[in-house]
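Only the coordinates and a few stated rules stand behind these numbers; no lab work does. This structure is a prediction, so every number in the text was calculated from the model and none was measured. Quick reminder, even Gly has a Cβ in these numbers, built from the backbone with ideal geometry, and neighbours come from all protein chains shown.
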Amino acid sequence: MTRVAMKNQELSKIFNEIADYLEADRVDFKPFAYRKAAITLETMEENVAEVYANGGLDALENIPGVGSSIAEKIEEYLQTGRIEYYESLKKSLPVNLEEIIAIEGVGPKRAKLLFEKLGVQTVVDMEAAAESHKIAPLSGFGAKTEANILDGIEFLKRSKGRLLLENILPRVREISERLRTLPEIEKVEIAGSLRRMKETIGDADFLVILSPKAQKEGAKRIMDFFTSLDGVEKVWGKGTTKASVRMKGGYDMDIRVLSPRSYGSALQYFTGSKDHNVALRRIAQDKGLKLSEYGLFRGAIMIGGKNEEEIYRMLGMSFVPPELRENQGEIEAAKVGKLPRVIGYGDILGDLHCHSDWDGGSNTIEELAAAARARGYQYIGIADHTKFLKIEHGLDEKALEARNKHIDKLNKKMDAEGTAFRILKGCEANIMPDGSIDINDAALEVLDFVIAGVHSNMKMDKVAMTERMIRAMESQNVDIVSHPTGRLLKQRDEYPLDFDKLLETAKKTQTILEINSSPQRLDLNDLNIRRAKAAGVRMVINTDAHIVGQLSFIEYGIAQARRGWAEKEDIINVHPLPRLMAYFKKQP
Ligand code: DGT
Ligand code: CA
Ligand code: CA
């Protein structure tokens, strides 16, 4: 089964851009519809090209979130490879919108204004305009905004060239499935930073082993296949056992053909990280051995290399899971058998941070619950936004009460049917600048659990921001703090925060910190997870899903937890319901 289809991704990107252009033109409602369609296409299991081939325009319109006008555009794209409407929007605003709105603080409307007033078409133009202080005098901008724009550009430069894990991993997995179907190939592995599940990725690294039955030109056939894959934009190099290509998504992919006898050492070598490998090679040297991608050698004799486990064992270490291979202490720990037993990908029993259509999410609570059950979960927590977040359709006290009644009804129904599954009543409240919560205590007290997070006024100084978070954690009603440090990968840093103080308060108040799995957040990050673990603070791995497809983001959160050395006992949503509930402050 192909998990992601190229056309889904391409269309999703186009629809997001259409939404940007429409927002620039201050069009109401339509951008929302395009974004909804984009997110549906990106997360749905089916290949949109197949849906269309099998059922035509009608089948497209049956995709949730796809109306007739968007269905027609999908059809147009599938038939002609372009969408006239999109092309005309691009012509009407000739700026590199995608690039420009990646600058934190610059949205489509501002981008349009800056084009009209100053002719800004690219990030380079933008930097020049800000540096010569042409932006500050414009109405609605000012010196502070101008300085923020420069900061944003600086941040972009630092993260340039690396893409989010989510932008690459699904596609790379699909490609590895396709490679696996080649008769010339015995084994395919994804190595490098993808195997280590790093939050951002430089390039993708494939390793393949030739089938023993393959003919002499087998490797060449693999190279031909690889370099002519759908989505290849440029071939950087193509030899007999390795090749390198640039993909349309803006990233490179390397492939190497290996001999079976070096499989383990090659996998170890190309998984990295480089720092981990350097340290490992030194250990080999100290034992009078030599470790390379070709094997583990004593003199000229190969003594190991068929599999990774063997290499670590022969070096006197326990096996190091790929997510830990960063030379951050794992080598020393593995030498003395003190590696953590990191949480497994199948250990999570429920997701506590999901948004339903009650707060503008894409799915009903029933649909979310069904999807959670299909994943094998025992419970799901509905954490709709509360009233401060008007753009996210946050619920006020009354609406929350109505939603609670609805959940009660659904739970009763499942009980009556003998379904062992629970929908938990939660919310994601906003932590106001003074640390208070945006909805009253009475409304919070009746919930099963409360998440609170910062969604506004993020540019506070360190002391004020720390005080703000501490006050929220001290609330008897706040069980979990969502995305605690507020960073957005490739977009903005964490807010200034005294993290040690935060941990101290979390420990004291028994507040749980979230590991948010959303690919752009992954917040807490790996190092903060390690710090939280060391401080004895519990964590919860949540997806923050706004549509059922995003429940699968949990994999990224678990990977992050593993990268942060978290064990099962550090995470609360590995427990069945009664034990889970015991971690919340207010006991029923
Ligand atoms: P990336 O692509 O920047 O996200 O990170 P990686 O880790 O995938 O790096 P990449 O693609 O340059 O190389 C893949 C692996 O190959 C890397 O993790 C370790 C290994 N490797 C590459 N160059 C060297 C090297 O100079 N020395 C050693 N020991 N290993 C290397
Ligand atoms: Ca790589
Ligand atoms: Ca590479």
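General observations
- With neighbour counts taken as other beta-carbon atoms within 10 Å, the residues ASP230, ASP205 rank, fewest first, as ASP230, ASP205.
- Magnitude of the charge dipole, the chain, Cβ model with Lys/Arg +1 and Asp/Glu -1, debye to 20: 2080 debye
- Taking a ≥ b ≥ c as the square roots of the Cα gyration tensor eigenvalues, region 428-570 comes out rounded, since a/c falls below 1.5.
- Spatial separation of Cα centroids for region 21-80 and region 256-280, in angstrom: 43 Å
- Separation of the alpha carbons by more than 22 angstrom is noted, of LYS501/LYS585; LYS13/LYS160; LYS7/LYS242, for LYS7/LYS242.
- The peptide list 96-104, 163-171, put in order of mean Cβ contacts within 10 Å with the highest first, becomes 163-171, 96-104.
- Ignoring aspartates and glutamates fewer than eight residues from LYS213 along the same chain, the ones with Cα atoms less than 20 angstrom from its Cα are GLU177, GLU184, GLU186, GLU189, ASP224.
- Fewest-first ranking of LEU60, LEU229, LEU182, using other Cβ atoms within 10 Å as the exposure measure: LEU229, LEU182, LEU60
- Farthest toward positive dipole pole in region 264-335 [+1 Lys/Arg, -1 Asp/Glu at C-beta], among TYR269, TYR294, LEU280: TYR294
- Pairwise centroid distance, computed over Cα atoms, of region 418-469 with region 401-415, Å: 22 Å
- Across region 315-412, the volume of the C-alpha convex hull divided among the residues equals 154 Å³ per residue.
- Ascending count of other beta-carbon atoms within 10 Å, so fewest first, for THR43, THR227: THR227, THR43
- Most tightly packed first, judged by the mean number of other beta-carbon atoms within 10 Å of their residues, the peptides 71-83, 523-535, 106-118 read 523-535, 106-118, 71-83.
- Full-stretch length increase - ARG579, SER159 - with 0.36 nm per residue and alpha-carbon distance subtracted: 147.1 nm
- For the chain, the residue among THR386, ILE168, ASN430 whose Cα projects farthest onto the positive side of the dipole built from Cβ charges is ILE168.
- Fraction of the pair-distance distribution of the chain above 31 Å, Cα-Cα pairs, percent: 56 percent
- Estimated 222 nm signal from helices in the chain, with DSSP H stretches of n ≥ 4 weighted -39500 (n - 2.57), rounded to 500: -13500 deg cm²/dmol
- Reachable aspartates and glutamates, given that their alpha-carbon falls under 20 Å from the alpha-carbon of LYS507 and they are not under 8 places away in the same chain: GLU467, GLU474, ASP479, ASP498, ASP523, ASP526, GLU567, GLU569, ASP570
- Exceeding the 32 Å Cα-Cα cut-off - candidates LYS73/LYS109; LYS157/LYS338; LYS134/LYS490; LYS335/LYS459: LYS157/LYS338; LYS335/LYS459
- Counted residue by residue at 0.36 nm each, then reduced by the alpha carbon distance between them, the extension gain from ARG282 to GLU474 reaches 64.3 nm.
- Selected from GLY140, HIS575, SER318, residue furthest toward positive end of dipole (the chain; charges at beta carbon): SER318
- Remark: region 260-272, residue by residue, has Karplus-estimated 3J(HN,Hα) of x, 6, 9, 3, x, 5, 5, 4, 4, 4, 7, 7, x Hz, where x stands for each Gly or Pro and the curve is 6.51 cos²θ - 1.76 cosθ + 1.60 at θ = phi - 60°.
- q = 0.13, 0.20 Å⁻¹: log10 I(q)/I(0) that the Debye formula gives for region 264-335, counting C-alpha atoms only: -0.29, -0.72
- Working from label points 7 Å from Cα in the Cα-to-Cβ sense, the ARG313 to MET458 distance is 4.8 nm.
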